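Down below is the structure, laid out as structure tokens.
The values are calculated or read from the model by the stated rules, or taken from the named source; none is laboratory data. In this text the structure is predicted, and so the values were computed from the model without any measurement. We place every Cβ from the backbone using ideal geometry, glycine too, and count neighbours over all the protein chains shown.
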Amino acid sequence: MGVLSPSCSVFYVTTYHDIPADLLNPALGQRLASLDSIQMPDWAAYVKTGVHTEKPPTSKDWWAMRCAALLRKVARNGPIGVNHLSQNYGGRKATRSAPARPAAASRKIIRVALQQLETSGLVAKADLKVVSSEDGDQKLYSGRVCTNQGQKLLDEVAHSLKEEAEKSYPGLSKY
């Protein structure tokens, strides 16, 4: 799984941090598409990914790619919530003659994708806090984190892409 450095006895393991997202996300999307719990909902073919876009995505595998990108982002930045992720996936909304303004992406798409990743066991809710109020107890989560199974999947895909990444990005071989 790893490589032993010839100059010293340090064991290097390729992780998802070492592979660029433009190589990792398509391969991870293919792996996620093979899972039964990751399926594009029927309504997802007709919805836009945010108010800043004019049309729905045209790619056939956009749901698997979004799930892959979400899994990678949750693993890198977790615990992270739906609101923060929607701001990351948002864009610029044109407002007639006024300058463009930032717009958030669809929270429904992100929420359902994260729920499917939870069902697969790749992502979990983190840091449950119970807050007492006059209306009763409320459960507050600080976001979602990547599970051990999710880390393992990310690292397996990254390790399989190591040679391709070194060919595409020659400077990566020294890391």
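Structure notes:
- Those residues of the range 31-56 which are surrounded by 14 or more Cβ atoms within 10 Å (Cβ to Cβ) and outside any loop (DSSP other than H, G, I, E, B), in sequence order: Arg31, Leu32, Ala33, Ala44, Gly50
- Only one of the numbered conditions (1) modelled with pLDDT under 90; (2) out of contact with any His (no Cβ under 9 Å at 6 or more places or on another chain) is not met by Asp155, and that is (1).
- Considering Arg92, Arg72, Arg96, Arg144, the condition of being modelled with pLDDT under 90, under 27 Å from Met40 (Cβ atoms) and among the charged types (D, E, K, R) is satisfied by Arg92 alone.
- Qualifying residue in the range 99-106 (condition: more than 23 Å from the chain's Cα centre (by Cα) and either at positive phi or not basic (Lys, Arg) (or both)): yes
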